[in-house]
1. Report every pair of residues separated by at least 6 positions or lying on different chains whose Cβ atoms are under 7 Å apart, first residue within region 1-23 and touching a residue at least 40 places away in the same chain (Cβ under 8 Å), second part of a loop (DSSP other than H, G, I, E, B) and loosely packed, with under 15 Cβ neighbours inside 10 Å.
2. Which of (1) modelled with pLDDT of 95 or more; (2) over 18 Å from Leu95 (Cβ atoms); (3) small (Gly, Ala, Ser) does Gly72 not meet, given it meets every other one?
3. Would you confirm whether or not region 36-59 contains a residue that is surrounded by 20 or more Cβ atoms within 10 Å (Cβ to Cβ), modelled with pLDDT under 95 and under 29 Å from Leu152 (Cβ atoms)?
4. Looking at Trp137, is it in a helix (DSSP H, G or I), without any contact (Cβ under 8 Å) to a residue 60 or more places away in the chain and among the hydrophobic types (A, V, I, L, M, F, W, C)?
5. Specify the residue that is farthest from the chain's Cα centre (by Cα); the eligible residues are those in region 73-90 that are more than 12 Å from Ile62 (Cβ to Cβ) and surrounded by 22 or more Cβ atoms within 10 Å (Cβ to Cβ).
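The values are calculated or read from the model by the stated rules, or taken from the named source; none is laboratory data. Small disclaimer: the values here were computed from a predicted structure and weren't measured. Here Cβ is always computed from backbone atoms with ideal geometry, including for glycine, and neighbour counts include all displayed protein chains.
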Amino acid sequence: MPTIFSHPAVPLALRRVFGELPSRVVAAGIIGSILPDLDVIGFRFHVPYGSTFGHRGFTHSIVFALLWGIAGALIGRRWNAFVFVFLAVLSHPILDAMTNGGRGVAFFSPFSNHRYFFPWRPIQVSPIGAIDVGVLWSELRWVWLPCGAVALLAAVTRRWSRAEAGDRGRLAR
């Protein structure tokens, strides 16, 4: 898994793409991007890794992301809040499926506990409960830099669009 520090990079970048969102919706997206890893508690209670509620099981599924997206819609009272929170939560298992370790992600739980990885797995897996400099470098390269580029592109595009709209408004007068 990427570390708890890197999962929020995606909702922070998405925030720039979506524009104005209530802070409570952004918070739901950030929390939702970290929340799937609460399943590591199962190790303490001897929940088997491959079970529905094992690590990278149900909390890493599309259904779980949909449920959080619905919660986001209720919190934000708007459609884009659902989409934002859904994508923020879904980014967690997507990033996990791009790591070079573990046993895969149960994207289709609770309907199937089959675990998947993507064919391209550049992110170095983080040992549970430990921080490694190599892992942080991998996350900087494959998570933070791309997310930063998306956020920058969204900010520049938004500013350019506002400037264009202002120019059209002045020409119309």
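1. So the pair list comes out as Thr3/Ile131.
2. (1)
3. Within region 36-59, one or more residues are surrounded by 20 or more Cβ atoms within 10 Å (Cβ to Cβ), modelled with pLDDT under 95 and under 29 Å from Leu152 (Cβ atoms).
4. yes
5. Ala81
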